[in-house]
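Reviewing the structure listed below.
Nothing in this text is a laboratory measurement; each read-out follows from the coordinates by a stated rule. Predicted model only: the values in this text are computed from it and were never measured. Backbone-built Cβ (ideal geometry, glycine too); neighbour counts: all protein chains shown.
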């Protein structure tokens with residue numbers, strides 16, 4: 001049997017100990033490591049050979065979903081948590097399974113078997129991208145707006161509070177996040193980021209720009225039919241006709 005290298009990620013030691021005990025009885029399962037917070041999990045996943053994550057949701061520093069966002073490769077994940085409200089979001093990110101604490105040995109074995117099947121499908125080339133479900137889209141629509149962005153820069157991770165953002169600029173499949181002190185390039189589309197930001201505070205003023213209303217000084221005419229947004233630091237951003245209408249409603 002091909003070894004299954006499992007990384008256990010949970011901030012509670014008793015929970016990690018229970019998973020260790022259960023995995024001892026799983027043929028072929030090898031514990032690749034244990035982590036008590038999200039930052040350590042991201043580093044361990046990069047440094048070790050890991051086939052499967054047993055991942056808690058609520059943890060210090062980074063939560064489970066933020067861990068997945070920062071991984072440099074896709075690793076099958078089984079969420080192990082005490083909270084049932086994240087289940088649809090978990091399958092939105094294509095989790096193999098979602099286990100509620102207290103976890104039973106039988107339920108973990110079932111999740112491990114599902115993981116083996118998923119891994120075998122990927123290795124054989126039979127795995128297909130999973131479409132986003134209607135329920136998942138609804139959860140995404142109703143989700144709380146982001147209060148921070150996680151931006152990976154090599155081995156470093158920048159945590160950027162959204163309150164510090166002046167504007168965001170589209171650059172193909174990346175966004176350039178501009179704050180008062182720095183610029184950060186993040187691999188994400190502007191459309192995707194727009195859906196995650198608070199529409200009462202961030203406005204898509206142009207197909208290539210989102211502006212933070214707190215950073216906006218004024219709107220000036222540029223030509224007869226065009227306008228620019230002038231920020232407090234003097235930066236000028238183009239404003240489309242539809243972007244101007246959005247600003248008029250909010251301002």
Separation between the residue 200 and residue 123 pseudo-spin-labels, each 7 Å from Cα along Cα→Cβ, expressed in nm?
-> 5.1 nm
Mean Cα-pair separation over length for segment 144-250, i.e. relative contact order, pairs under 8 Å, 6 or more apart, % | 18 percent
Say R0 is 35 Å: what FRET efficiency, to the nearest 0.05, do residue 183 and residue 21 get from their beta-carbon distance?
-> 0.15
Give me the distance between the Cα centres of segment 173-214 and segment 1-38, rounded to whole Å.
-> 38 Å
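Rounded, prolate or oblate: which fits segment 4-124, taking a ≥ b ≥ c as square roots of the Cα gyration tensor eigenvalues, rounded meaning a/c under 1.5, else prolate when a/b beats b/c? The partial results should precede the final answer.
On the way: a/c = 1.17, a/b = 1.07, b/c = 1.09.
Verdict is rounded for segment 4-124.
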Which value in deg cm²/dmol, rounded to the nearest 500, describes the helix-derived mean residue ellipticity at 222 nm for the chain, given -39,500 (n - 2.57) per DSSP H run of n ≥ 4 and division by the residue count?
-> -9500 deg cm²/dmol
For the chain, the longest principal axis of the Cα atoms and the Cα long axis of helix 13-24 enclose an angle in degrees, to the nearest 10, of 50 degrees
Listing 208, 121 by rising number of other beta-carbon atoms within 10 angstrom, fewest first, gives 121, 208
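Using 1/(1 + (r/R0)^6) with R0 = 41 angstrom and r between the beta carbons of residue 105 and residue 148, what's the FRET efficiency to the nearest 0.05?
Values: r = 37 Å, r/R0 = 0.91.
After rounding to 0.05, the efficiency reads 0.65.
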With everything on Cα atoms, drop me the angle between helix 241-250 and the longest principal axis of the chain, reported from 0 to 90° to the nearest 10.
-> 80 degrees
DSSP beta bridges in the chain, what fraction antiparallel, as a percent rounded to 5?
-> 65 percent
For 20, 89, order by how many other beta-carbon atoms lie within 10 Å, fewest first = 20, 89
Once both labels are modelled 7 Å past Cα along the beta-carbon direction, what's the residue 158-residue 249 spacing in nm?
-> 3.1 nm
Listed candidates (1) 33, 20, 15; (2) 42, 17, 16; (3) 25, 21, 20 - label of the one calculated as semi-axes √(5λ) of the Cα gyration tensor in Å = (2)
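Which of 56, 11 has the fewest other C-beta atoms within 10 Å, and how do the rest follow up to the most? Write out the running numbers ahead of the final one.
Details: 56 27, 11 15.
Lowest to highest Cβ neighbour count: 11, 56.
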Relative contact order of the chain, defined on C-alpha pairs under 8 angstrom at six or more residues apart (%) = 10 percent
Once the Cβ-Cβ distance between residue 74 and residue 13 is put in as r, and R0 is 35 Å, what FRET efficiency do you end up with, to the nearest 0.05?
-> 0.80
